[in-house]
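Engineer: Below is the structure I would like to discuss, written out as C-alpha cells.
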Amino acid sequence: MYEDGLPPLREVISNFGLNAKKSLGQNFLTDLNLTGKIARSANGLGGCDLTESIIYEVGPGPGALTRALLMNGAHRVVAVEMDPRCIEAQKEIQAAYPGRLDVFQGDALKMDEQTLIGDTGGRPVKIIANLPYNVGTALLVKWLTLKDWKPWYSSLTLMFQKEVGQRIIAAPRTKAYGRLSVLGQYRAEAKIMFDVPARAFIPPPKVTSCIVAITPKEEQPETPKQDILEKVVYAAFNQRRKMLRTSLKALGQDPLPFLKAAEITETCRAEELTIEDFSRLAKAYQ
Ligand code: SAM
C-alpha cells in the first residue's frame, strides 16, 4: 500500500489484466516518486499551482500520474481514457478521492475538453499527461492551434518521446526545427523540464522520453491569425529543402510580393526563418 491507501501500480496492472496494447500507445509508469516529480513540475507554470487548478489528463491508464496529481493536492482531475480496462482501474482511485476525479471514456482527439470539464468555478485548468505516443503530436497540435488565445488552459505539462520534445523547443537552422517548433513557440514558451528513461515504463519503449512544459503567452496585436500562420508554416516546411520562392507557391499565389513585404530573402529555406520571420511572413500573406 502507498500513502494513498491504494495498491502498488504493478499490482494494479496485474489485478486488472492491463497487458499493454501497442495500438493504444500504452507504456505505463509505476513509480509514484517519478509521477510526483512530473505533477510538481507543473507548479507555478502559467502563474498557478496544482492545488488551485483543475487538471485535464489524457490517458490516465492504471493511474500512476492521476494518483500523484491527487496526492500533490490537485483540486480536481478530469481524465479521458480510451481503454475500458483502465476505466475500471480508475474506479479505485475515484473511491479514494471522493468527488475529485472524473473519468470519461472516449478519444481525446475528439473531445471538447471545456464541455467535459464543465464549470471551473473560475479555477485555472492545467493539462498534464503522459500522452500515448501515437496521438501525442496530434493532441499537441490540437491544443496549440486553438483560435481563441489565450487558450482555456493555463499550462501544458506533457510527456513526449525526447525527439519530439526537441522538435518542439528547436531553434532555427537546426535539423529538429520545423512546424512543431513554430507552433510551439509563436504564441507560447516551451521548455524541456527533464528526461525520463525508457526503464521507467512498462513495457519500456525503445527511446528516452522527456517532460515538456508549455506556457501560453499573451497574444500580441501583430500576431498573425493562427490559421494563416499554420498554412504558411505548413507550405514552407512541407518542402523544407526548397527555397521559399518555390515552396510557398503551394499557397496558390506568387509568393514574391509577400516575401518582399515581410523583408525575407526569397532564396531562404524554411529552417532559416525565426518565429518572428514566420509571423511577419504570415502577416504579409494575410
Ligand atoms: N498515464 C498512464 C501512465 O503514465 O502510466 C498511461 C500512459 S500511456 C502512455 C497512454 C494512455 O492513453 C493509455 O492508458 C491509453 O489507453 C490511453 N489512450 C490511447 N489513445 C487514447 C486516446 N485517443 N484518447 C484517450 N486515451 C487514449
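The values are calculated or read from the model by the stated rules, or taken from the named source; none is laboratory data. Predicted model only: the values in this text are computed from it and were never measured. Don't worry about glycine lacking a Cβ; one is built from the backbone with ideal geometry, like all the others, and counts go over all protein chains shown. Only protein heavy atoms, including side chains, enter the accessible area calculation; ligands, DNA and RNA are left aside. Shrake-Rupley method; radii C 1.70, N 1.55, O 1.52, S 1.80 Å.
Engineer: Exactly one condition in (1) under 28 Å from Ala39 (Cα atoms); (2) at pLDDT 95 or above; (3) under 19 Å from the mean Cα position of the chain (by Cα); (4) not charged (D, E, K, R) is false for Ile202; which is it?
Structural biologist: It fails just one condition, (3).
Engineer: Among the numbered criteria (1) under 21 Å from Pro197 (Cα atoms); (2) under 17 Å from the mean Cα position of the chain (by Cα); (3) not hydrophobic (A, V, I, L, M, F, W, C), which single criterion is violated by Arg67?
Structural biologist: That leaves (2) as the condition not met.
Engineer: Could you count how many residues in segment 93-133 are open to solvent by 60 Å² or more (accessible area, probe 1.4 Å), away from the ligand (no atom under 16 Å from the Cβ) and in contact with a helix residue (DSSP H, G or I) (Cβ under 8 Å, 6 or more places away or on another chain)?
Structural biologist: Looking only at that region, the number is 2.
Engineer: Does Val78 count as within 20 Å of Ile214 (Cα to Cα) and out of contact with any Ser or Thr (no Cβ under 8 Å at 6 or more places or on another chain)? Give the derivation first.
Structural biologist: Working: within 20 Å of Ile214 (Cα to Cα): yes; out of contact with any Ser or Thr (no Cβ under 8 Å at 6 or more places or on another chain): yes.
So Val78 passes the test.
Yes/no per residue for (1) touching a His at 6+ places or on another chain (Cβ under 7 Å); (2) closer than 19 Å to Cys48 by Cβ; (3) open to solvent by 10 Å² or more (accessible area, probe 1.4 Å):
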residue	(1), (2), (3)
Val135	no, no, yes
Trp143	no, yes, no
Trp149	no, yes, yes
Met159	no, no, no
Arg173	no, no, yes
Pro204	no, no, yes
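Engineer: Okay, next question. Out of curiosity, is Asp49 open to solvent by less than 10 Å² (accessible area, probe 1.4 Å), more than 22 Å from Ala198 (Cα to Cα), in the same structural domain as Gly136 (by TED's automatic domain parsing) and acidic (Asp, Glu)? Break it down into steps so the answer makes sense when it comes.
Structural biologist: Working: open to solvent by less than 10 Å² (accessible area, probe 1.4 Å): no; more than 22 Å from Ala198 (Cα to Cα): yes; in the same structural domain as Gly136 (by TED's automatic domain parsing): yes; acidic (Asp, Glu): yes.
In short, no.
Engineer: Given the criteria among the hydroxyl-bearing types (Ser, Thr, Tyr) and at pLDDT 95 or above, does Tyr133 qualify? Before you say what the answer is, go through the steps one by one.
Structural biologist: Details: among the hydroxyl-bearing types (Ser, Thr, Tyr): yes; at pLDDT 95 or above: no.
Answer is no for this residue.
Engineer: Then there is this: Can you report the number of residues in segment 66-79 which are open to solvent by 10 Å² or more (accessible area, probe 1.4 Å) and closer than 18 Å to Arg10 by Cα? Give the derivation first.
Structural biologist: Here is the first cut: in segment 66-79, the ones open to solvent by 10 Å² or more (accessible area, probe 1.4 Å) are 71-73, 75-76.
Then keep just the ones that are closer than 18 Å to Arg10 by Cα; that gives none.
The qualifying residues number 0.
Engineer: Just to check your reading of the model, which residue among Arg245, Arg240 is over 29 Å from Leu158 (Cβ atoms) and either touching an Asp or Glu at 6+ places or on another chain (Cβ under 7 Å) or open to solvent by 30 Å² or more (accessible area, probe 1.4 Å) (or both)?
Structural biologist: Values: Arg240 fails: over 29 Å from Leu158 (Cβ atoms).
Among Arg245, Arg240, only Arg245 is over 29 Å from Leu158 (Cβ atoms) and either touching an Asp or Glu at 6+ places or on another chain (Cβ under 7 Å) or open to solvent by 30 Å² or more (accessible area, probe 1.4 Å) (or both).
Engineer: Let me spell it out: the conditions are (1) more than 8 Å from the ligand (Cβ to nearest atom); (2) over 21 Å from Thr115 (Cα atoms), and His75 meets all of them except one. Which number is the exception?
Structural biologist: The failed condition is (2).
Engineer: Can you name every residue in segment 23-41 that is open to solvent by 40 Å² or more (accessible area, probe 1.4 Å) and not polar (S, T, N, Q)? Please lay out each step first, then the result.
Structural biologist: Initial filter on segment 23-41 (open to solvent by 40 Å² or more (accessible area, probe 1.4 Å)): 23-24, 31, 33, 37, 40.
Residues satisfying the conditions are Leu24, Asp31, Lys37, Arg40.
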